[in-house]
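Report on the following structure.
Derivation of every value follows stated rules applied to the coordinates shown; laboratory data play no part. Quick caveat: nothing in here was measured; it's all calculated off a predicted structure. Positions of Cβ are backbone-derived with ideal geometry, glycine not excepted, and every protein chain shown enters the neighbour counts.
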Amino acid sequence: MILSSLARAVAAILLAGVILAGVLLALGASPAGVFMALAQGAFGNWYALTDTVVKSTPLIFTGLAISVSFSGALWNIGADGQLVVGALAAGAIGPHLEGCPRPLAIAIILIAGALGGAAWGGICGWLRAHRDTNEVISTIMMNFVAAQLLSWSVHGPLIEASGAYPASTPIAESAHMYMFFPPSRVNLGIVIAIVLAIACSLLLFKTAVGFQLRAMGRNRRAATFFGIPIARLTVTILALSGALAGIGGAVQVSAITHRLYEKMSPGWGFEAIAVALIARLNPIGIVASALLFGALDNGSQAMQRAQGVSAELVQVIQALVIMILLAFDTPVLAQLWSALGRSKVAAAGAVSEVPNA
């Protein structure tokens, strides 16, 4: 199952590359030059490689948030707002951690981010469970509320001492995330993200809660019939989803910005939907998918400088991959894909029956 999903994703990426190469040729550009510049910008040197990892980190957190909720057919579109509130909670408590031991200060920052995101997601979960509010609408609207709340905070109660800029007071140095390979910006956040990806995978596929969640995602009525506590699970999962995104916001504050700004997220929560879909909602696959998106984002500027091709071309690649993956799920293509799989199994069986094969 996992290998099949991985094969589909790889096939979609390759097919998107072929289509894009055709478009570039039609426009008079060199596909080889564009792809080479893209790869060079993403992995061409140590700085580019580490920056790709840094740009992928928040996408892993938000991708995991999407994966957990979507697995239960809870369409959480609010990971961006949950990340912002997580960052807001971390940025609010961070300046008060001066003198605190560094491991404890970092733990407090992360817990604050998780609680902030969990509260933001939990509100939508409660509305869905007890007021039958469409979570798509509520989570989208909560994104706007989170952005306005952050803007009000950095212009008001959390503004820096001089009041000259719309930014918060810097967090205490003891709350700065551990950095790897200085002067690169690779930090402990990537390790936390990978550990959480493993934890989410175990939760979804190795626990009773994960089974209940996936059962709810397949058929809510059947899950109710078999006694699965739908309401409680809805609140819990959306709160957990928010906590994952919130930790991502806290990591950004602790490792990268060290204070709050009005625009904390360039849209990681929305980009994470594509990340999760390409990974087929598999938490481990999300790490690879996020690295791909981080590489595309990081390489796009180099591609624009070297080849004069718009950086927005990266968004075309992302859209193409998603559309092709969705096309694989249409009945005709799904049957074709299944037939290909069966033919491989049959071929393998035939080979195994040959003596001494």
Semi-axes of the equivalent ellipsoid of region 118-173: what are they in whole Å, largest first, if each equals the square root of 5 times a C-alpha gyration tensor eigenvalue?
32, 12, 7
Let me check I've understood the local charge: for Phe43, count other residues with C-beta under 14 angstrom from its C-beta, Lys and Arg +1, Asp and Glu -1. What total comes out?
-1
Between Asn187 and residues 5 or more places away or on another chain, the pairs with built amide H atoms under 5 Å apart involve Phe180
Crossing angle, helix 31-43 versus the chain [Cα axis fit, 0-90 degrees, rounded to tens]:
40 degrees
7 Å from Cα along Cα→Cβ at both Ala222 and Thr257: what's the point-to-point distance in nm?
4.4 nm
Please list, short to long, the whole-number percent of alpha-carbon pairs of the chain in consecutive 20 angstrom bins beginning at zero.
27, 54, 17, 1, 0
How high is the relative contact order of region 247-320? Use alpha-carbon pairs under 8 Å, at least six apart in sequence, and give a whole percent.
16 percent
Give me the extension gain from Glu160 to Val209: residue separation times 0.36 nm, minus the current Cα-Cα distance, reported in nm with one decimal.
13.3 nm
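Once the convex hull of the alpha carbons of region 211-297 is built, what does its volume come to per residue, in cubic angstrom?
For region 211-297, the hull spanned by Cα atoms encloses 119 Å³ per residue.
For an R0 of 41 angstrom, estimate the FRET efficiency from the Cβ-Cβ distance between Ile137 and Met36 and round to the nearest 0.05.
Efficiency at R0 = 41 Å is approximately 0.40.
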Hey, what did the chain get for relative contact order, percent, Cα under 8 Å, at least 6 apart?
33 percent
Based on the alpha carbons, how large is the Rg to Rh ratio for region 49-184 when Rh follows Kirkwood?
1.02
Given points 7 Å out from each Cα along the Cα-Cβ axis, report the Leu14 to Phe328 separation in nanometres with one decimal.
1.1 nm
Evaluate E = 1/(1 + (r/R0)^6) for Cys100 and Asn45, where r is the Cβ-Cβ distance and R0 equals 41 Å; express this FRET efficiency to the nearest 0.05.
0.65
Pairing the Cα long axis of helix 230-251 with the longest principal axis of the chain, what angle in degrees results, from 0 to 90 and rounded to the nearest 10?
70 degrees
Starting from the Cα of Ala107, step 7 Å along the direction of its Cβ; do the same at Leu149; then give the gap between the two resulting points in nm.
2.6 nm
